Amino acid sequence: VPRSSAVWFDYQELLHNSSFCLVPRGRRLGSFRFLEALQAACIPVILSNGWELPFSEVIDWRKAAIIGDERLLLQVPSITRSVGRDRILALRQQTQFLWDAYFSSVTKIVLTTLEIIHDRVDSHVSRNRLLWNSLPGGLYALPQYSTDPAQFPFYYAILGKSPSQQFTAVIHTVTPLQSQISPVVKLIIAVAKSKFCAQIVVLWNCDKPLPPRNKWPSTSVPLTVIEGQTKMMSSRFSPHDVILTDAILSLDEDSVLSTNEVDFAFLVWQSFPERIVGYPARSHYWDSLRSRWGYTSKWTNDYSMVLTGAAFYHRYYHYLFTHYVPASLLTMVDHMANCEDILMNFLVSAVTKQPPIKVTQKKQYKETMMSQGSKSSRWADPDHFAQRQTCMNAFSHWLGFMPLVHSQMRLDPVLFRDQVSILRKKYRDIEKL
């Protein structure tokens, strides 16, 4: 055929535009085309009898590939044509999940191998196949936390379960308890009035001695004060045994929240238990002039972080933060006394591949923001913002990519700001704030 009349195809484009990709045996049983197909979201049609697929001990390849018989090649077209559209979509989605979770880098292949070996050795503390074959994958579902999928925030929908109906408030405290009008006292009183609050835990990371019990307000829910052993910033996300509820309400001591705001945010979190749900939103951007990631607190139409000074999330993230994040990054956070909230957002977005959720417009959520000259406020530190820029790039370097996802979604109560009688609104106080 003359060269001018030949039909040329771009191999990568062809892969990405195909629903099925034939994977015949190579020089051995396996073939590099298998990983090529996975990466391109093309359903592998395996034609290599006797080939043990990678990590088949834990991965259910029937959810991502078609296993054919190389002796019956003529049946392949009819087999692929019989696969319905819904199953094609499910198979292709699973190829992308498996590629990203276990095969997209040498590091992930090695880590997956080591974790499978670890599961073999400690078979009584090992992941079941649901954890390996469902988002976010076995590398993010640590069996030392639990071997029961129902204890993780990712599997409620699959299992037909819901998170517990109460939360534990964890208040991070670094300044002395001055009086009964201290911001932390007002915060404790407001949170304790929530009908969903099971208990309040005050993490005392202040250098001053722990105040006696009679200095704290009396509440209708249990109030536990834990003195931080290290008094480091990363310790606010320690997986304390006293926390028994699925949901944690993480609070800075100077956060300003009403009981209505707490209740509404918790109800929203129950619908999105794998995400961070809260009030103070921030965003990231790519600084092309400096060729680095930037952090901004400017009010725009989107956000990619919800700070943990006033936010709900699942208690599993305390365990994951403590046992998954490299010690070097935790040391960095402790040395700066900054960025622990950004690091938690990076971790949760890396796990879920989704943005956090902001609830209801609220510009002021800290008392010290009104007087930023306060020595107790991190906002008064001129290095605070510069450090957060540094953190953004250190955290993305650790992961090898930027996990944060922008969102323009904000969830408000029904009739929020609508021109109707206040008596028709369930969360009436929110609009007054």
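Listed here are the residues, each with its yes/no results for (1) open to solvent by 80 Å² or more (accessible area, probe 1.4 Å); (2) in contact with a Lys or Arg (Cβ under 7 Å, 6 or more places away or on another chain); (3) at pLDDT below 95.
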site: 42; (1), (2), (3): no, no, no
site: 54; (1), (2), (3): no, no, yes
site: 60; (1), (2), (3): no, yes, no
site: 90; (1), (2), (3): no, no, no
site: 93; (1), (2), (3): yes, no, no
### Query
If the Cβ limit is 7 Å and pairs must be 6+ apart or interchain, which residue in region 278-290 that is farther than 21 Å from residue 312 by Cα pairs with which residue that is β-branched (Val, Ile, Thr) and modelled with pLDDT under 95?
285/296
#### Entry: Sole exception among (1) more than 30 Å from residue 90 (Cβ to Cβ); (2) open to solvent by 40 Å² or more (accessible area, probe 1.4 Å); (3) part of a loop (DSSP other than H, G, I, E, B) for residue 217, by number
(2)
### Summary
Those residues of region 279-294 that are in contact with a Gly (Cβ under 8 Å, 6 or more places away or on another chain) and either closer than 19 Å to residue 401 by Cβ or modelled with pLDDT of 95 or more (or both) come to a total of 4
### Message
Restricting to region 245-261, give me the number of residues that are at pLDDT 95 or above and aliphatic (A, V, I, L, M).
### Response
4
### Query
Among the helices (runs of 4 or more DSSP H) confined wholly to region 125-195, which include 2 or more residues that are within 24 Å of the chain's Cα centre (by Cα) and surrounded by fewer than 19 Cβ atoms within 10 Å (Cβ to Cβ)?
129-133, 156-159
## Note on the structure
Among 83, 110, the single one that is in a loop (DSSP other than H, G, I, E, B) and aliphatic (A, V, I, L, M) is 83
### Query
Residues 169, 192: which one is within 17 Å of residue 261 (Cα to Cα) and touching a residue at least 60 places away in the same chain (Cβ under 8 Å)?
169
### Query
Can you tell me which residue in region 322-342 is most open to solvent (accessible area, probe 1.4 Å), limited to those that are under 20 Å from residue 250 (Cα atoms) and not in a helix (DSSP H, G or I)?
337
### Query
What residue, of 59, 116, is in a loop (DSSP other than H, G, I, E, B) and among the hydrophobic types (A, V, I, L, M, F, W, C)?
59
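The values are calculated or read from the model by the stated rules, or taken from the named source; none is laboratory data. What you are looking at is a predicted structure, and each value in this text was computed from that prediction instead of being measured. Using ideal geometry, Cβ is built from the backbone for each residue, glycine included, and neighbour counts are taken over all protein chains shown. Keep in mind that these areas ignore ligands, DNA and RNA; they rest on the heavy atoms of the full protein, side chains included. Shrake-Rupley method; radii C 1.70, N 1.55, O 1.52, S 1.80 Å.
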